[in-house]
Structure formats: structure tokens, C-alpha cells
Amino acid sequence: MSAKHPLKLLGDVASSDIPHSAFPIPHLVDTFGRVHNNLRISVTDRCNLRCTYCMPEDVVFRDRSELLTFEEMAHFVRVAAGLGVDKVRLTGGEPLVRKDLHKLVRMLVGIPGIKDIGLTTNGVLLADQAGDLFAAGLRRLNVSLDTLDPGRFRELTRRDGLDRVLDGLAAVKRAGFDRVKVNAVAIRGVNDQDAAPLARYCRDHGFELRFIEYMPIGADAWEREKVFFAHEILELLGREVAPLAPAPDNDPRAPATDFLYADGGGRVGIIASVSRPFCRSCNRLRLTAEGKVRNCLFALDETDVKDFLRRPTPDDAAIADALRRSVWAKWEGHEINSARFVKPDRTMHAIGG
Ligand code: SF4
């Protein structure tokens, strides 16, 4: 009988009812050997925009009582940090609609082992909160902005607010943030004409632009024909903005592949989730606003940890075990490019970017 790969051996044992904590896996590793150190926390499913590729117009948000408190989120992060998580990203819905978010940032900054805290926001409320967030210790910021055209902004988000987003971007520089990324979802026939203006805007203001290929994770009927693919974006930027070359220091675990403008005009990244999936080096897992662990953006099942967090004394061993089991059960990657693909029930606003 051929020798089983050690991880497979552990797999057999792991699927038993012996607690994972009994096994020598110091970190959150899955059966493909991927070590998970990057936690994304959706602090709310609520949002002040209604982006067409994210949520339905008539969305129903969860009752606030269902959402984890900041203390519960911080407690979860403390347990996860003990399992090797050292990066946390706060997302939503729109995280800044959650009152006093800077207080959560301050809690997370103080957790041993957490080295990096980021936030993804639509920027509408940023001008008022940038200073408090920076003072609380936040240093990494991604602002979602798909167009500089007020009409298309309204078309895409079903709300006004472009001017407030631009005010927010100006405010973050004043607040002291030095490495700000702008995330743009590129959709053919919707905002592909905005790619070059956005690139010029970010070059002029010292922001790092990242294009995200349009994914089937929203409330709309996703069409592959509407994906503006990475190679097309690169070709357009090289033609209309400036020639690009691969960045020498690409982080193999980061979702974006980065490029540098040959004229020294900065950096641009592309998250090619559809055309060049990066699941093989995935290190991410997620916590939803109401306390469900998702081992993949496209996961079809979840692990509830809210009860463990809401016991008179939070059950850290049960939380750790739930985390390990969720990661251990992780599939190889999304199947957008295969006939097996099943769209998750949750839409993006209730998962977080
Ligand atoms: S689709 Fe899932 S496995 Fe792939 S990179 Fe995203 S979170 Fe990771």
C-alpha cells in the first residue's frame, strides 16, 4: 500500500471527532498546504450605496442585534492571532456606516501578533473619519471607486456621492495615510471607458489603482462577456496612459499582480480573479458580520462561531477548532471557469471584499 501524504493522513484523522487542537498544526493550514494568515472581517452588511454588481436595490439588512459587537470581533481576532493570523482587513457592506469604527481599529492594533490592519471603504464617509482612523492606528486603506463620471457613478451605485468620495480621498492624504489604494471593478460596456481617466487621476494624486475583474458574486446576472479581462486592461493602459512593466516585488500571496509605469508614474495592480485565478496561493478567510466563518469568498457553506463568542466565558478552544476545521475543509479554489460553478447564496455586501 503506497504511503499516504502526511497531510492526507492528518486529513483522515482530522475528519474524526478528535479535536484539532490535539494535532501539531500550529497554523491554519488546509489540505493543499496553504497557510492562512489573512482574515477579512465584514463589520456590517449595511451600506450607503447600492452598487449593481454587489447587492439588490431592495436589499434587506440584518438587524443590528444580530451583528457581532466590536468586543466579540476583537476576541475572535485574538483567538485567530494565536493560530497565526497576522493580517486583518475590515470590510462591509460599508464599514464606515458602523458607528465609531475607529474604536475597533484601536482594539485590533493592541492584539499581540496582529501586524497589519487594513480597511476597504467606498469613501463616502471617509472625509469625516480619516483622522480618527489614522489616530487609532490604521495605516492601510483601499477606497472603491469605479468611475470619475457623476452620471456613471449614479448608474453603478444607484446613489449620488462621487464628490464625497473625492473629498474623502483628499482627506486621507491630509490625515497622513501614505499608501492608499483605489479599487475599481472593470465591467465591459459599463465603465471600461473610465479605466484611463481613473489611471491618470491616481497617477496625479499618488494613489495606487487596482482593477478587479468583474466576478459572479453579486445580485446581478453575471455575464462572462462583461468581464473586462486583465490583458485588455493592461493593453489599454499601455496604449492610453503609459507603458507598463511587471513590478519586481510582487507578493505571491496577494490577489493583485502589480505593474510599474515605465515613466516612473507609479504602480497599478490587477486582480484577475476570473482570467488568472490565484486560489493556489490563497491565504484568506473571512468572518461575516453576524459571526460566520467562510473559508473562501465563494464558499457554499459556513461555520457559525457566534454562540462560542456569546457564552458567559467565550469558548476559545471551540472557536479555534471551528477555525481549523473550516480551513481544513477548504476547496482548491473557485470554479468560476467550470461547469461546476455554483454561485453562493450570499451576495458580496454580506460577505465583504
Ligand atoms: S476564490 Fe476563494 S480560494 Fe480563490 S483566492 Fe478567493 S478566497 Fe481564495
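The values are calculated or read from the model by the stated rules, or taken from the named source; none is laboratory data. Quick caveat, the model's predicted, so the values are computed rather than measured. Heads up, the Cβs are rebuilt from the backbone with ideal geometry, glycines too, and the neighbour counts pull from every protein chain shown. The accessibility values were calculated without ligands, DNA or RNA, using every heavy atom of the protein model including side chains. Shrake-Rupley method; radii C 1.70, N 1.55, O 1.52, S 1.80 Å.
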query: Given Asp304, Asp345, Asp316, Asp321, which one is within 23 Å of Val43 (Cα to Cα) and touching a strand residue (DSSP E or B) at 6+ places or on another chain (Cβ under 6 Å)?
result: Asp304
message: Looking only at the stretch 86-105, filter to residues that are part of a loop (DSSP other than H, G, I, E, B) and not basic (Lys, Arg); which one of those is nearest to Phe134 (Cα to Cα)?
response: Asp100
query: Looking only at residues in the stretch 86-112 that are in contact with an Asp or Glu (Cβ under 8 Å, 6 or more places away or on another chain) and not aliphatic (A, V, I, L, M), which one is least open to solvent (accessible area, probe 1.4 Å)?
result: Gly92
task: Among the strands (runs of 3 or more DSSP E) lying completely within the stretch 252-353, list those that include at least 2 residues that are open to solvent by less than 20 Å² (accessible area, probe 1.4 Å) and under 25 Å from Pro95 (Cβ atoms).
output: 267-271, 284-287, 292-294
- prompt: Just a yes or no: is a residue in the stretch 63-85 at pLDDT below 95 and either of a type in the set (Ser, Thr, Tyr) or open to solvent by less than 30 Å² (accessible area, probe 1.4 Å) (or both)?
  reply: yes
query: Here is a list of conditions, (1) over 21 Å from the mean Cα position of the chain (by Cα); (2) surrounded by fewer than 23 Cβ atoms within 10 Å (Cβ to Cβ); (3) farther than 18 Å from Thr120 by Cβ, and Arg164 meets all of them except one; can you say which number that is?
result: (3)
task: Residues being more than 12 Å from Arg139 (Cα to Cα) and either of a type in the set (Gly, Ala, Ser) or in a loop (DSSP other than H, G, I, E, B) (or both): count how many of those fall in the stretch 106-121.
output: 5
query: Are there any helices (runs of 4 or more DSSP H) wholly within the stretch 125-216 with 2 or more residues that are in contact (Cβ under 8 Å) with a residue 60 or more places away in the chain, and if so which?
result: 150-157, 195-205
statement: (1) out of contact with any Asp or Glu (no Cβ under 7 Å at 6 or more places or on another chain); (2) within 16 Å of the ligand (Cβ to nearest atom) all hold for Val327 apart from (1)
Condition check for Leu119: crowded, with 22+ Cβ neighbours inside 10 Å and not charged (D, E, K, R): yes
query: In the stretch 201-257, how many residues are charged (D, E, K, R), within 30 Å of Asp167 (Cβ to Cβ) and modelled with pLDDT under 95?
result: 1
- line: Met55 meets each of (1) among the hydrophobic types (A, V, I, L, M, F, W, C); (2) at pLDDT 95 or above; (3) crowded, with 22+ Cβ neighbours inside 10 Å; (4) outside any strand (DSSP E or B) with one exception, condition (2)
message: For the structure I just gave you, tell me whether Gly93 is among the small types (Gly, Ala, Ser) and in contact (Cβ under 8 Å) with a residue 40 or more places away in the chain.
response: yes
- prompt: Just one of Arg310, Arg280 is away from the ligand (no atom under 16 Å from the Cβ) and in contact (Cβ under 8 Å) with a residue 12 or more places away in the chain; which is it?
  reply: Arg310
